[in-house]
Structure formats: C-alpha cells, structure tokens
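All remarks here apply to the structure that follows.
The values are calculated or read from the model by the stated rules, or taken from the named source; none is laboratory data. Please read all numbers here as calculations on a predicted model, not as lab measurements. Neighbour counts are summed over all protein chains in view; Cβ atoms, including those assigned to glycine, are modelled from backbone coordinates with ideal geometry. Note: accessible area is taken over every heavy atom of the protein model, side chains too, but ligands, DNA and RNA are not part of it. Shrake-Rupley method; radii C 1.70, N 1.55, O 1.52, S 1.80 Å.
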Amino acid sequence: MSGNSFGKLFTVTTFGESHGVAIGGVVDGCPPGLEISESDLQVDLDRRKPGTSRYTTARREDDEVQILSGVFEGKTTGTSIGLLINNKDQRSNDYSNIKDRFRPGHADYTYQQKYGGRDYRGGGRSSARETAIRVAAGGIAKKFLKQFFGIEIHGYLSQLGPIKMDKVDHSITNTNPFFCPDESKLDALDQYMRDLKKSGDSIGAKVSVVAKGVPVGLGEPVFDRLDAEIAHAMMGINAVKGVEVGDGFDVIEQKGSEHRDTLTPDGFETNHAGGVLGGISTGQDIVVHMALKPTSSISVPGKTIDIDGNEIDIVTKGRHDPCVGIRAVPIAEAMLAITLMDHCLRHRAQNTGVQSQTPVIAGQTK
C-alpha cells in the first residue's frame, strides 16, 4: 500500500491498524533545536482520544505517545522523529460478524476489491484510529509554527446536523465535549446527541479551522497551491466529503463586487478568499471548513452483500462515534499545521532574502 506519507520538506508517514499492536509514524524534516516533549504532544492527543464523553465511542485508549527518536536532551536533532502509540482496548470479536459482509458506506468493499482481502477488525487501516499519529505530528508542527512564525491554529465545530453555531468564541471551544464555540448551543447539542444515540443512528457535521498570523507568500502557485494542498490534507481525513476555503460554495451567489477583498493602505477590508489568492497566502487568516459524513457504523438495520455477492441484512455492532465530526476538530488542526509547516520550510528554502518594494498590509481577521 502506497500513499502513507504527506508533505515534501516536512513529511509525515504513518503506519498501523485499528486493532493491531500499535500505530506509529515518522516525522522527517523538522529543523533542529525545537524544544519538544511527549507532554507537548499529549495535549492534543487527549482532545482527540476516544472514550472522553458520552457523545463519542466507548472505546478507551490512553493514546500515550512515545517519542522513539529525533529528540535528544529535550530538543529536536534534525533527524527523523519516530512516534508510537500502543493499542490497548481492542475488541476484535465485535467485528467477527462482518468478516464476510460489507458495511454499506464503509471502506470494506473497496479495500476487498483493491487488495483481495482486508483487515475487518475496526476497519483496519481505514479506521480513524490512524489519525492519532497525525495529531501527534501536528503537535510538533504547531509548536514550531507558533514559536518561529507566530502562527496559531484554532478549530471548532461549526455545525452538527441542523444545529449551526452563531458565535465563535475560541475561549470556550475546549471547555465542552463538542468543541463548540457557541455557548448558547450546548444544551441543544446535548439533547440532539442523546436522541440520536437512542435511535442508534449517526449524523454529519461541519468543522472549521482558522490559522492566525500566517505570513504573506506561502504556497506554490501552480500544482502546489496552498489552498489545493490544504484541501488535499483535509480530504485525507476519514469521513471528509467536502472542503471549503474562505466563503467556499457561498461564492456561487456572490457578485465580483461583493466577493473581492479590497486592498487599502491600512489592510484588507474583508477576507472572502480565506487568506489565499492565486494559491499564495495573503497574510490574512487562513479559513477552512470541511464537511464530514455521518458514520456508516450504526445499529439501524440495513441491506448489503456478503463476500460471495449475496444480498443480506446487516447491523453493525461495536463501539462507534455517533458523530465523527466532534473528534475531528484536533485532527483538522493537525493537518492544517502540517501543511503550513511544510510550506513555511519550502518558502524559506526558495525565497529567503527576497524583497518586495510593496509594503505588507494588515490582514482582515475572522
């Protein structure tokens, strides 16, 4: 299987399956001298890990990351950083009933057809369990971006099913189990999820991520456009079916006179573009939204086929998130951080010393 690596100068490669011994990864290209520890990475891993509330899967994993290499005396050495997280709470028997049948809307059928077989235990490699390593790698990128570039990244749940957030207060996002930035919606979210769990069904969600303090000039303006690589990163997250940068699909109803972000000597007046023009960062906030589908692992009976092509009924057992979008917030933050880290290093490599006679104007924040 190829396609397990992301990035060009700052690269992340992951390995492992949901019910294997462990999941792990290698981070390459991190500059030397960054102070980093396992506790730095654990903060976001604790935000992502399962079993933290009644609204997520009941699987309990400590998700304690071990740094195996690339860090000496508390600082990165410039060599590859090895990361490992042991799996502890696997219940493979929960999946024995789907060994020879395909869960509709899942990766079972496509993995079977592509590889001639599959690890049916928790989805194997297709499980979102793999994203824990991305979050750990993203923790390295986040710390570097903040320390050396002043970039900060904030993610939040912007919509769950029919419930849309009207306010964005980053100070409360990490104080509730939904990563919700709108305190007035917490009771509605709680009741909605309680009713959903009783029905045995699942729901989709919208997650938004904002990067503040991004400098002008990141991105390669043809195939490696910054917005294109951000979309690539977000679409690589399990269950993501759509990505928007800035106003996204709202531009369909906008006129050019409304959408364009006017430049003034004092800065941009708006940020409809989401911080990217021509594939290059403008110095404004990078604003990204992604849509996540409802998980297909539900207890509501449905129709499918077995390994021989026969029509059968299926009910998925096991421990699953009724809304995968909730725990996707730290994953989305990590993937945006990894992408920006890669482009910061690429920009530094090619454009160090480049000067422009045009002054840098202030970016409109959002």
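For this structure, a couple of remarks:
- Out-of-range pairs (alpha-carbon distance over 20 Å; input Lys49/Lys212; Lys197/Lys293; Lys114/Lys293; Lys185/Lys241; Lys8/Lys114): Lys49/Lys212; Lys114/Lys293; Lys185/Lys241; Lys8/Lys114
- Per-residue ellipticity at 222 nm computed for the chain from its helices equals -7500 deg cm²/dmol, with DSSP H segments shorter than 4 residues left out and the rest contributing -39,500 (n - 2.57).
- Accessible area of the range 247-354 belonging to carbon and sulfur atoms, whole % at 1.4 Å probe: 53 percent
- Normalised convex hull volume, the range 220-281, alpha-carbon set, Å³ per residue: 96 Å³
- When nucleic acids and ligands are ignored and a 1.4 Å probe is applied, Ser257 ends up with an accessible area of around 90 Å².
- Per-bin percent of Cα-Cα distances, the range 128-217 [5 Å]: 3, 12, 18, 19, 18, 15, 9, 4, 2, 1
- Percentage relative contact order, the range 155-307, counting C-alpha pairs under 8 Å, at least six apart: 28 percent
- Other residues lying with their Cβ under 13 Å from the Cβ of Asp108 contribute a combined charge of +4, Lys and Arg counting +1, Asp and Glu -1.
- The charge dipole of the range 273-362, taken about its Cα centre with unit charges on the Cβ of Lys, Arg, Asp and Glu (plus for the first two, minus for the last two), comes to roughly 320 debye.
- Solvent-accessible area of the range 90-241 (1.4 angstrom probe, protein heavy atoms only): carbon and sulfur portion equals 49 percent.
- List Arg47, Arg129, ordered by accessible area with a 1.4 Å probe, largest first: Arg47, Arg129
- Using a cutoff of 8 angstrom between alpha carbon atoms and counting only pairs six or more residues apart, the relative contact order for the chain works out to 21 percent.
- Å² per residue, accessible surface of the chain at 1.4 Å: 47 Å²
- Of all aspartates and glutamates in the structure, the ones whose alpha carbon falls short of 17 Å from that of Lys75, not counting any fewer than 8 places away in one chain, are Asp28, Glu35, Glu38, Asp40.
- Size of charge dipole - the chain - debye, nearest 20, with Cβ of Lys, Arg +1 and Asp, Glu -1, no other charges: 720 debye
- Using a cutoff of 8 angstrom between alpha carbon atoms and counting only pairs six or more residues apart, the relative contact order for the range 119-197 works out to 18 percent.
- Straight Cα distances below 18 angstrom link Lys167 to the aspartates and glutamates Asp182, Glu183, Asp187, Asp190, Asp247, Asp285, with same-chain residues fewer than 8 positions distant left out.
- Each peptide in 150-157, 164-171 gets a packing score, the mean of other Cβ atoms within 10 Å over its residues, and the list from highest to lowest is 150-157, 164-171.
- Cβ-based net charge around Val329, under 9 Å, with every Lys or Arg adding one and every Asp or Glu removing one: +2
- Inter-part distance where the range 149-227 and the range 335-354 are each reduced to a Cα centre, Å: 25 Å
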